[in-house]
Amino acid sequence: MSGAQALVAAPKGGGSAYAVQTYSISGYSLGSPGPISYPTSDLSAELGGDGRVRMFGTLKLQNGTGEVNQVWQVGPVASGSIAPHAMSGDNLASKGKLNLVTGASTAGGGGGSLLRKKNTHGVLNAVSWGLLLPMGAIFARYLKTFKSADPAWFYLHVTCQVIGYAVGVSGWATGIHLGNMSKGITYSLHRNIGISVFALGTLQIFALFLRPKKEHKYRFYWNVYHHSVGYTIIILGIVNIFKGMSILNVEQKWKTGYIIAICILGAIALILEAVTWGVVLKRRRSESKTYNGTSNGNGHLPLSM
C-alpha cells in the first residue's frame, strides 16, 4: 500500500529462522529495504507452534504520536523473494488502529464497512449493466416481431434500460467513492471500462430524445448507432463484472450464479431468435401468397388501366 511504513518478516536460509526488514513503500510494489519514518531497533521474529509469525522490536515515536492505523498481511516467498499478498476479502479487511503508547489495538471495523461498500458496488453493477440491460435488449429485439406486442415491447425495453441505467449510475458512483477512499490502489482497466460503460449509457439515454420517427430518412442511421452502442455497453458491462469479481476474489458460488443467470438469458435469446425468424419467414410467405393470389383466375394482379 502506497505510503505504508512496513515491517516485513521473511524466512532466511531455508530454515525456521526469520529476518525482519523495514520498507518505506511509495508505489505499488514493495521496493527495496530501507529506513522508515520511525527509528527502529532490536527487530526480530519467530515462528510459533501455532504456525503464526510474531515480530518484536522497538520503535522510537515522534512527538505527539499515539495512535496509528495498521494493516497486516501474509503472503508467499518465491525463490527467496517476497511475492505480493492476495487481495481476497479477508486481506482487504485486515486493518485496525494501534495505540503505540498503551499497546491497545482495535480491529478494523472500517475494513468490514469498506468490504460492504465493495460488495454493494458489485451487486448494483451486476444487476444493472449485467442483467437489466441485456433483458431490455431481448425485449426490443424479439418481442417487436409480434404485432400483438406493439407497443408493449417498447415500454418494457425503455423501463429495463432506464431502471438499469439508474441502478448502474448508483454502482458507478459507489465505485468512484471507493476509488477516492483507496489512495494508491488503482485498478486501471476495471476503472476505465466502468467509465466507458457509464459514458456510453448516458449517451444512450440522451439519444432517446433525438430518436427520429419511423418514416424519417435518418431513422436507419439512428437504429445502427443505437444497436451498436447498446450491444457494446452490454459486452463491456459483463466483461467488467467478471473483472470486478476477480478483484474482489469473490466466492466461486457468486461467479457460478452470475454465469448461470447470463446463460439463461443467452438461451432465451437463442430460442427467441429461432422463433422470431420462423415468424418472419412465415409472414413473408403469407404476404407473398396474398400478393400473387387474386380473383382474376390466373394468379396475377389485374393490370392497372
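The values are calculated or read from the model by the stated rules, or taken from the named source; none is laboratory data. Treat the numbers as computed from the prediction; the structure is a model and nothing was measured. Every residue, glycine as well, gets a Cβ built from its backbone with ideal geometry; the counts of neighbours run over all protein chains shown.
Side notes on the structure shown:
- Scanning segment 112-122 for residues that are surrounded by fewer than 17 Cβ atoms within 10 Å (Cβ to Cβ) and either closer than 26 Å to residue 155 by Cβ or touching a residue at least 40 places away in the same chain (Cβ under 8 Å) (or both) turns up 117, 119, 120.
- Residues of segment 22-37 satisfying the condition of being touching a Leu at 6+ places or on another chain (Cβ under 8 Å) and more than 16 Å from residue 71 (Cα to Cα): none
- Per-region count, segment 230-258, residues within 23 Å of residue 201 (Cα to Cα) and free of Cβ contacts under 8 Å to residues at least 40 places away in the same chain: 3
- Hits in segment 12-45 - residues which are of a type in the set (A, V, I, L, M) and touching a residue at least 40 places away in the same chain (Cβ under 8 Å): 30
- Whichever residue in segment 40-66 is surrounded by 12 or more Cβ atoms within 10 Å (Cβ to Cβ) and part of a loop (DSSP other than H, G, I, E, B) and, among such residues, is modelled with the lowest pLDDT: 65
- Here the condition is being at pLDDT 95 or above and under 30 Å from residue 276 (Cα atoms); of 127, 158, it holds for 127 alone.
- Within segment 240-265, the residues that satisfy the criterion of being in a helix (DSSP H, G or I), more than 14 Å from residue 133 (Cα to Cα) and of a type in the set (Val, Ile, Thr) are 247, 256, 259, 260, 264.
The rows are residues; the columns are (1) within 22 Å of residue 163 (Cα to Cα); (2) exposed (fewer than 14 other Cβ atoms within 10 Å of the Cβ).
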{"site": "188", "(1), (2)": "no, yes"}
{"site": "197", "(1), (2)": "yes, no"}
{"site": "201", "(1), (2)": "yes, no"}
{"site": "204", "(1), (2)": "yes, no"}
{"site": "207", "(1), (2)": "yes, no"}
{"site": "210", "(1), (2)": "yes, yes"}
{"site": "233", "(1), (2)": "yes, no"}
{"site": "261", "(1), (2)": "yes, no"}
